[in-house]
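Chemist: Before I ask anything, let me first share the structure, which is written out below as structure tokens.
The values are calculated or read from the model by the stated rules, or taken from the named source; none is laboratory data. Values in this document were obtained by computation on a predicted structure and should not be read as measured data. Note that we place each Cβ from the backbone using ideal geometry, even for glycine, and neighbour counts take in every protein chain shown.
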Amino acid sequence: MTDPRKIDAIIVGAGIAGLYQLYKLRELGMNTRVLEAGDNVGGTWYWNRYPGARCDVESLSYSYSFSPELEQEWTWTERYPAQPEILRYINHVAERFDLRKDITFGTRVISAVYDEAVQRWLVDTDTGESIDSQFLIMATGCLSASKLPEVPGLERFQGPTYHTGHWPHEGVDFTGMRVGIIGTGSSSVQSTPVIAEQAADLTVFQRTPAYSLAARNRPLEQSEIAEMKANYRAWREAQRTSGFGVPVELPTQSALEVSPKERTAKYEAGWREGTLVSILGGYTDTLTDQEANETAAEFVRQKIRERVHDPEVAETLSPRTYPFGTKRPCLDTGYYETFNKSHVHLVDLRKTPLVKLTERGLRTSEQEYELDAIVFATGFDAMTGALNAIDIRGKGGTALRDKWAEGPRSYLGLAVAGFPNLFTITGPSSPSVLSNMIVSIEQHVDWITDCIAYLREHDIAAIEPTADAEDGWVAHVEEVGNATLYPTADSWYMGSNVPGKPRVFMAYIGGVGVYRQRCDEVAAKGYQGFTLQ
Ligand code: N01
């Protein structure tokens, strides 16, 4: 147990980020406590236990790189790992590195106030504890504050309701039930086919269709595991310098400078590969030019038409209102084929909007749907939701929520002016959700750890970005974002899924490798853009 009288660092969250941060701060000999709302480790993978939940980054890439021994001893079984396997892996890491002893579970942080006089954070929890600490590190996740639909009558429905992001640990048996699922993002795309196998009748309520590609998930061959284990070091290096945290060959041509035949052949190859970037990364301008993007978008729509028998249903499932990739694309296992089953129905909420929940089900502008259970696959207050859920107060009592009222402002997505010694792992304005999260988590944790080590070596009590550096970074993130098609879509990247949330592109699309270089330069220049005192 850490000495409760003298805490050097509090980490909020015991997911993949919080665990690694704890491991690293221990290396510095720091007295660290992790506070975790859940009853065990895992973060995202602890809460998101819905049927069919799995990662859409390949398992051999979606894993920690900090321990070569861990890499060698852990063996993944599938190309895309399922939630139970990832959770087992995270539990294994917690045990292997004896991390649990510094984690307090079942404890939600409700406020954190910076005391300028002593340069420490005072953190209050829902269990009544007050802990003060020099550093406060938020490992609260980008997609952890779940969101229910804004529809009247949520409390009226008499049957059970479930949010994909808070799935019961014991699982749910839908056998024989009439089930409704609201939402068609990644969580729905993964859970719909599995729920359809159980339910007597399944109705999917769609507001905006997703672009989804067949995942082509499969068990890993012994030979590929052995090859990866032999080449991990080179692979990790390539991940760190890549665009999205997954090494891929970079495109050199515009989609518009090749013949339709050549383009289709390339998209077909990407389709057969079945990764998130296999089609998106085919050409230089897929994410920057509407016309180029449309060639890929139409290719995906064609695949939907091939997979769905009823042309009308296929058309309803085909995205037409935003460019491919500007809302997060999905990888699926049998999603579109599910709509070929006679007991699965699709309701287009654009044509017949959701009006309310009733005692017996759900009413659209057209009719009432009687249901035995409702699944909300309605997503998250992304990027800022979990941070703003805590009353974080910096210098002069300024609330982070107020500072971010017009959108998140930070330097490098790592630190916030006016909030000394506060760090945000994969915070808004860093690559985070536009990358393989583990690669970005490790980069942030390593940077934060080096920074804290530097402060201790130089006997510096506090670090905080300057307002100028923060303004410069916010402007840069916006400029790079505006050079792409991302801001044209109503997505959770833009905050548009939460009524009243400012419309700001919240991630850095400059690339994982470029971003790392920038962070390293800042550190090499004695933490350029920060005030140290
Ligand atoms: O949430 P979402 P998610 N009435 O926000 C609809 C990651 N993830 O949990 O698009 C009706 O994507 C909403 O409609 P619209 C991944 O980064 C990864 O599925 O706002 N509908 C949308 O269809 C992902 O992007 C993995 O018009 C309403 C859906 O609900 C992110 O998490 C797996 C509504 C929400 O989709 C979030 O995914 C799962 C309303 N009032 C998640 N409100 C993998 O690694 C919302 N919707 C595979």
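Chemist: Please state which of the following conditions Y508 fails to meet, knowing it meets all the rest: (1) more than 16 Å from the ligand (Cβ to nearest atom); (2) closer than 30 Å to D8 by Cβ.
Modeler: (1)
Chemist: Does any residue of the stretch 425-432 turn out to be closer than 27 Å to V277 by Cα and assigned to a helix (DSSP H, G or I)?
Modeler: Keep residues of the stretch 425-432 that are closer than 27 Å to V277 by Cα, which gives 425-432.
Filter once more, so that each one left must be assigned to a helix (DSSP H, G or I): 432.
Checked the stretch 425-432: at least one residue is closer than 27 Å to V277 by Cα and assigned to a helix (DSSP H, G or I).
Chemist: Right, next: So which residues in the stretch 324-355 are in a loop (DSSP other than H, G, I, E, B) and either closer than 13 Å to T208 by Cβ or touching a Ser or Thr at 6+ places or on another chain (Cβ under 8 Å) (or both)?
Modeler: F324, G325, T326, K327, R328, P329, L349, R350, K351, T352, P353
Chemist: Examine the stretch 105-112 for a residue that is at positive phi and in contact with a helix residue (DSSP H, G or I) (Cβ under 6 Å, 6 or more places away or on another chain), and state whether such a residue exists. Give the derivation first.
Modeler: Keep residues of the stretch 105-112 that are at positive phi, which gives 106.
If we keep only those that are in contact with a helix residue (DSSP H, G or I) (Cβ under 6 Å, 6 or more places away or on another chain) too, we end up with none.
No, because not a single residue in the stretch 105-112 is at positive phi and in contact with a helix residue (DSSP H, G or I) (Cβ under 6 Å, 6 or more places away or on another chain).
Chemist: For the list (1) surrounded by fewer than 17 Cβ atoms within 10 Å (Cβ to Cβ); (2) assigned to a loop (DSSP other than H, G, I, E, B), I need the number of the one condition that Y50 fails.
Modeler: Looking at each condition in turn, Y50 falls short on (1).
Chemist: Something else about it: Out of the residues in the stretch 438-483 that are farther than 30 Å from L148 by Cβ and among the hydroxyl-bearing types (S, T, Y), state the one that is surrounded by the most Cβ atoms within 10 Å (Cβ to Cβ).
Modeler: Restricting to residues being farther than 30 Å from L148 by Cβ and among the hydroxyl-bearing types (S, T, Y), the top hit is T449.
Chemist: Follow-up. Evaluate the following for V433: is it under 29 Å from L287 (Cβ atoms) and touching a Cys at 6+ places or on another chain (Cβ under 6 Å)?
Modeler: Here the answer is yes, as V433 does meet what is asked.
Chemist: Which condition breaks for E27 when tested against (1) in contact with a Ser or Thr (Cβ under 8 Å, 6 or more places away or on another chain); (2) within 27 Å of L213 (Cβ to Cβ); (3) surrounded by fewer than 17 Cβ atoms within 10 Å (Cβ to Cβ)?
Modeler: (2)
Chemist: Further question: I'm trying to understand the selection: among the residues of the stretch 414-427, which are over 18 Å from Q517 (Cα atoms), crowded, with 19+ Cβ neighbours inside 10 Å and not hydrophobic (A, V, I, L, M, F, W, C)?
Modeler: P420, N421, T424
Chemist: Of the residues that make up the stretch 203-215, is at least one touching a residue at least 12 places away in the same chain (Cβ under 8 Å), over 30 Å from S410 (Cβ atoms), touching a Cys at 6+ places or on another chain (Cβ under 8 Å) and of a type in the set (A, V, I, L, M, F, W, C)?
Modeler: The answer is yes, given that some residue of the stretch 203-215 is touching a residue at least 12 places away in the same chain (Cβ under 8 Å), over 30 Å from S410 (Cβ atoms), touching a Cys at 6+ places or on another chain (Cβ under 8 Å) and of a type in the set (A, V, I, L, M, F, W, C).
Chemist: If the requirement is being part of a helix (DSSP H, G or I) and either touching a strand residue (DSSP E or B) at 6+ places or on another chain (Cβ under 9 Å) or of a type outside the set (D, E) (or both), which of these qualifies: T252, T275, T295? Walk me through it before giving the result.
Modeler: Details: T252 fails: part of a helix (DSSP H, G or I); T275 fails: part of a helix (DSSP H, G or I).
Of T252, T275, T295, the one residue that is part of a helix (DSSP H, G or I) and either touching a strand residue (DSSP E or B) at 6+ places or on another chain (Cβ under 9 Å) or of a type outside the set (D, E) (or both) is T295.
Chemist: Write out, first by first residue and then by second, each pair whose Cβ atoms fall under 9 Å of each other, whose residues are 6+ apart or on separate chains, and whose first residue, in the stretch 495-507, is of a type in the set (D, E, K, R) while the second is part of a loop (DSSP other than H, G, I, E, B).
Modeler: K501/D381; K501/T384; K501/G407; K501/G495; R503/G407; R503/D490; R503/G495; R503/S496
Chemist: So which residues in the stretch 249-275 are closer than 18 Å to T288 by Cβ and surrounded by fewer than 16 Cβ atoms within 10 Å (Cβ to Cβ), if there are any at all?
Modeler: Residues satisfying the conditions are L250, P251, T252, Q253, S254, L256, E257.
Chemist: Further, regarding this structure: Can you report the number of residues in the stretch 362-371 which are within 15 Å of the ligand (Cβ to nearest atom), closer than 19 Å to E155 by Cα and not hydrophobic (A, V, I, L, M, F, W, C)?
Modeler: Matching residues across the stretch 362-371 total 3.
Chemist: Let me ask another. Name every residue in the stretch 372-408 that is part of a helix (DSSP H, G or I) and within 16 Å of the ligand (Cβ to nearest atom), in order of residue number.
Modeler: G385, A386, listed by residue number.
Chemist: Name the residue that is farthest from the ligand (Cβ to nearest atom), counting only residues in the stretch 101-114 that are surrounded by fewer than 17 Cβ atoms within 10 Å (Cβ to Cβ) and not in a strand (DSSP E or B).
Modeler: Result: K101.
Chemist: Sticking with this one: Considering only the stretch 9-64, how many residues are among the basic types (K, R) and within 14 Å of the ligand (Cβ to nearest atom)? Give the derivation first.
Modeler: We begin by selecting, within the stretch 9-64, every residue among the basic types (K, R); these are 24, 26, 33, 49, 54.
Among the residues that remain, those that are also within 14 Å of the ligand (Cβ to nearest atom) are: 49, 54.
Number satisfying all stated conditions: 2.
Chemist: Further question on the same structure: Examine the stretch 84-98 for a residue that is of a type in the set (K, R), more than 16 Å from the ligand (Cβ to nearest atom) and either at pLDDT 95 or above or more than 19 Å from T426 (Cα to Cα) (or both), and state whether such a residue exists.
Modeler: Looking only at the stretch 84-98, we keep the residues that are of a type in the set (K, R), and these are 88, 96.
Next, from what is left, pick out any that are more than 16 Å from the ligand (Cβ to nearest atom): 88, 96.
Subsequent filtering for residues that are either at pLDDT 95 or above or more than 19 Å from T426 (Cα to Cα) (or both) retains 88, 96.
Yes, the stretch 84-98 contains a residue that is of a type in the set (K, R), more than 16 Å from the ligand (Cβ to nearest atom) and either at pLDDT 95 or above or more than 19 Å from T426 (Cα to Cα) (or both).
Chemist: Moving on to the next point. Can you pull out the residues in the stretch 115-159 that are under 16 Å from A9 (Cβ atoms), in contact (Cβ under 8 Å) with a residue 40 or more places away in the chain, assigned to a loop (DSSP other than H, G, I, E, B) and away from the ligand (no atom under 16 Å from the Cβ)?
Modeler: The answer is Q119, A139.
Chemist: Hey, another quick one. Looking at the stretch 187-210, which of the residues that are closer than 20 Å to G171 by Cβ and either of a type in the set (S, T, N, Q) or near the ligand (Cβ under 6 Å from one of its atoms) (or both) is surrounded by the fewest Cβ atoms within 10 Å (Cβ to Cβ)?
Modeler: Looking at the filtered set, the residue picked out is Q198.
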